[in-house]
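> Please see the structure below; I have some questions.
The values are calculated or read from the model by the stated rules, or taken from the named source; none is laboratory data. The structure presented is a predicted model; accordingly, all values stated were derived computationally and were not measured. We place every Cβ from the backbone using ideal geometry, glycine too, and count neighbours over all the protein chains shown. Heavy atoms of the whole protein, side chains included, go into the accessibility calculation; ligands, DNA and RNA do not. Shrake-Rupley method; radii C 1.70, N 1.55, O 1.52, S 1.80 Å.
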Amino acid sequence: MAVNTRAGRAAVGNRADGVRPPEQGWVVPLSDVRVNDEIERAALEAVRSGWWSMGPRVGELERDFAAFCGVKHAFAVANGTAALHLALLAVGCSPGDDVVVPSLNFVAAANTICHTGAAPVFCDVTAADDLNLDPRDAAQAIGPATRALVVMHYGGHPCRMDEILELARARGIAIVEDAAHAPGATWQRRKCGTFGDVGCFSFFSNKNLPTGEGGMVVTDDDELGEKIRLLRSHGMTTLTWDRHRGHAHSYDVVTHGYNYRLDEIRAAIGSVQLSRLNEDNSRRARLVALYRAALDGVNGIVMPFSPRPETDAAHHLAVIVLPEGCPRDDLRSSMAAAGVQTSVHYPPIHQFTAYGALETKRALPVTDAVASRLLTLPLYPHMSEADVSTVASAVLAGT
Ligand SMILES: Cc1ncc(COP(=O)(O)O)c(C=O)c1O
């Protein structure tokens, strides 16, 4: 029996939001997790097993995720930020290096670049109707110190990987794919996260494959995989689980690593979520198609990423670009008053205090022009079609 997840609950994963919920709670929250018997059973079995840290359920999730992506190695980690940090370290990012990354992005990539000692160099996005990084601007941003390019599939919409891979080959730099929004998305039938040297996923509560906190790093490269495996757990050559099973009796520490491990309870939930990811992504696609039919081109609104034959999006976000001059805060307040929660993905990273004084500053005209016009609408697989109508009506009433 499915458990009703909406009533009386705050929306999950809403990180930064200045708009207050109505007294009676959201009619349509931005995001919502579905809780049902299968999830509860999986979590309970993991708890009752008595083995809570990294063990057989993590191993199963890694094997299944690797098979799902069609990739050799998958390493479960504590969160998507840890995944990015490990990926950047594995490809060799260190002090003195530059790493090119789009500014229209969650701050995790930029922060983790800084944690490696490298410097982020921000690049622009393509246009109001394509919010992925612009390969031509990325090419301009690459210089002699550039070690890597971090590619983010915005909202689960695959980047133009042919141009990006060509660029990386020509300039001899690594590609780290931030596929936090894109589990299951494909570009020319190949899964996002598997094009670059390393791919990173987030299993945060509002993501397409939510486990609360969690993430995954994938790679086809054995050497990079070995680095990631070691760095994930303190540079130790064996795990507690190996020793528990008698597969190892001691360990060496061969590098200065981290504790970025995932636990068994989240892995058990992750396996259930993975088993329904394709279905959930299809449902997201259907809901986004309804949003597009109701809003794209109406009242000057643009819904970016119209469907392209070479891509199959994961539809993590339903984002619209408001007409120039539309007062976004007023619209958000009027939508909140109607019980509809909204958000903004993202305030560009280069505009944050911590990144304002960067030496590697570049002009980002498209990002600057669209940033104040972005609005994220509610989207989750068990949202109803009537919910989409409620949201679309609230948008149109305020634009
Ligand atoms: C594009 C992107 N990258 C990385 C992350 C970081 O993932 P996590 O929150 O699991 O650390 C997020 C999470 O919101 C994200 O949206």
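> Based on this model, can you work out whether A180 counts as open to solvent by 10 Å² or more (accessible area, probe 1.4 Å) and farther than 25 Å from A66 by Cα?
Numbers: open to solvent by 10 Å² or more (accessible area, probe 1.4 Å): yes; farther than 25 Å from A66 by Cα: no.
Spelling it out, it is not the case that A180 is open to solvent by 10 Å² or more (accessible area, probe 1.4 Å) and farther than 25 Å from A66 by Cα.
> Only residues in the stretch 65-81 that are in contact (Cβ under 8 Å) with a residue 40 or more places away in the chain and open to solvent by less than 10 Å² (accessible area, probe 1.4 Å) count as the first member; pair them with residues that are basic (K, R) and within 16 Å of the ligand (Cβ to nearest atom), Cβ under 7 angstrom, at least 6 apart or cross-chain, and list the lot.
These pairs meet every condition: V77/R232.
> Name the residue that is farthest from the ligand (Cβ to nearest atom), counting only residues in the stretch 78-119 that are in a strand (DSSP E or B) and touching a Leu at 6+ places or on another chain (Cβ under 6 Å).
The initial filter retains those residues of the stretch 78-119 that are in a strand (DSSP E or B), namely 98-102, 119.
If we keep only those that are touching a Leu at 6+ places or on another chain (Cβ under 6 Å) as well, we get 100, 102.
Numbers: V100: 15, P102: 10 Å.
Here the residue is V100.
> Here are some residues: T186, T211, T238. Which one is touching a helix residue (DSSP H, G or I) at 6+ places or on another chain (Cβ under 9 Å) and hydroxyl-bearing (S, T, Y)? I'd like the intermediate steps shown before the answer.
Numbers: T186 fails: touching a helix residue (DSSP H, G or I) at 6+ places or on another chain (Cβ under 9 Å); T238 fails: touching a helix residue (DSSP H, G or I) at 6+ places or on another chain (Cβ under 9 Å).
After ruling out the rest, the residue left standing is T211.
> Is there a residue being of a type outside the set (K, R), closer than 30 Å to A42 by Cα and open to solvent by less than 10 Å² (accessible area, probe 1.4 Å) anywhere in the stretch 86-103? Walk me through how you get there before you give the answer.
Taking the stretch 86-103 and keeping what is of a type outside the set (K, R), we get 86-103.
Subset that is closer than 30 Å to A42 by Cα: 86-87.
Now restrict to residues that are open to solvent by less than 10 Å² (accessible area, probe 1.4 Å): 86-87.
Yes; the residues of the stretch 86-103 include at least one that is of a type outside the set (K, R), closer than 30 Å to A42 by Cα and open to solvent by less than 10 Å² (accessible area, probe 1.4 Å).
> How many residues does the stretch 282-297 hold that are open to solvent by less than 50 Å² (accessible area, probe 1.4 Å) and either within 16 Å of the ligand (Cβ to nearest atom) or part of a loop (DSSP other than H, G, I, E, B) (or both)?
Adding up the residues that qualify gives 1.
> Right, something else. Return the pairs, sorted by first residue and then second, in which the second residue is at pLDDT 95 or above and of a type in the set (S, T, Y), the first residue lies in the stretch 200-228 and is over 14 Å from A90 (Cβ atoms) and in a strand (DSSP E or B), the beta carbons are less than 8 Å apart, and the residues are 6+ apart or on different chains.
That search, which allows pairs on different chains as well, returns S202/T81; G212/S205; G215/T81; G215/S202.
> Residues of the stretch 270-281 being in contact with a Gly (Cβ under 7 Å, 6 or more places away or on another chain) and either open to solvent by 30 Å² or more (accessible area, probe 1.4 Å) or more than 15 Å from T211 (Cα to Cα) (or both), which ones? Before the answer, list the steps.
Taking the stretch 270-281 and keeping what is in contact with a Gly (Cβ under 7 Å, 6 or more places away or on another chain), we get 270, 277-278, 281.
Passing the criteria: N278, N281.
> Could we say that T194 is within 22 Å of F305 (Cα to Cα), more than 16 Å from the ligand (Cβ to nearest atom) and open to solvent by less than 20 Å² (accessible area, probe 1.4 Å) here? Write out each step before concluding.
Values: within 22 Å of F305 (Cα to Cα): yes; more than 16 Å from the ligand (Cβ to nearest atom): yes; open to solvent by less than 20 Å² (accessible area, probe 1.4 Å): yes.
Spelling it out, T194 is indeed within 22 Å of F305 (Cα to Cα), more than 16 Å from the ligand (Cβ to nearest atom) and open to solvent by less than 20 Å² (accessible area, probe 1.4 Å).
> With respect to D162, determine if the residue is in contact (Cβ under 8 Å) with a residue 40 or more places away in the chain, more than 16 Å from the ligand (Cβ to nearest atom) and surrounded by fewer than 20 Cβ atoms within 10 Å (Cβ to Cβ). First the steps, then the outcome.
Details: in contact (Cβ under 8 Å) with a residue 40 or more places away in the chain: no; more than 16 Å from the ligand (Cβ to nearest atom): yes; surrounded by fewer than 20 Cβ atoms within 10 Å (Cβ to Cβ): yes.
So D162 does not fit the description; no.
> Of all residues being farther than 20 Å from G92 by Cβ and buried (at least 19 other Cβ atoms within 10 Å of the Cβ) in the stretch 237-261, which is modelled with the lowest pLDDT? Just the residue, please. So that I can check it myself, show each step before the final result.
We begin by selecting, within the stretch 237-261, every residue farther than 20 Å from G92 by Cβ; these are 237-253, 259, 261.
Cutting the leftovers down to buried (at least 19 other Cβ atoms within 10 Å of the Cβ) gives us 239, 261.
Working: L239: 87, R261: 98.
For the stretch 237-261, the residue satisfying everything is L239.
> Next question, about the same structure. Would a scan of the stretch 302-312 turn up a residue that is of a type in the set (D, E, K, R), surrounded by 21 or more Cβ atoms within 10 Å (Cβ to Cβ) and farther than 14 Å from V391 by Cα? Before the answer, list the steps.
From the stretch 302-312, those of a type in the set (D, E, K, R) are 308, 310, 312; that's our starting set.
Restricting the remaining residues to those that are surrounded by 21 or more Cβ atoms within 10 Å (Cβ to Cβ) gives 312.
Checking which are farther than 14 Å from V391 by Cα leaves us with 312.
Within the stretch 302-312 (the criterion being of a type in the set (D, E, K, R), surrounded by 21 or more Cβ atoms within 10 Å (Cβ to Cβ) and farther than 14 Å from V391 by Cα), the answer is yes, since at least one residue qualifies.
> Of the conditions (1) aromatic (F, W, Y); (2) part of a strand (DSSP E or B); (3) within 12 Å of the ligand (Cβ to nearest atom), F122 clears all except one; give me its number.
Condition not satisfied by F122: (3).
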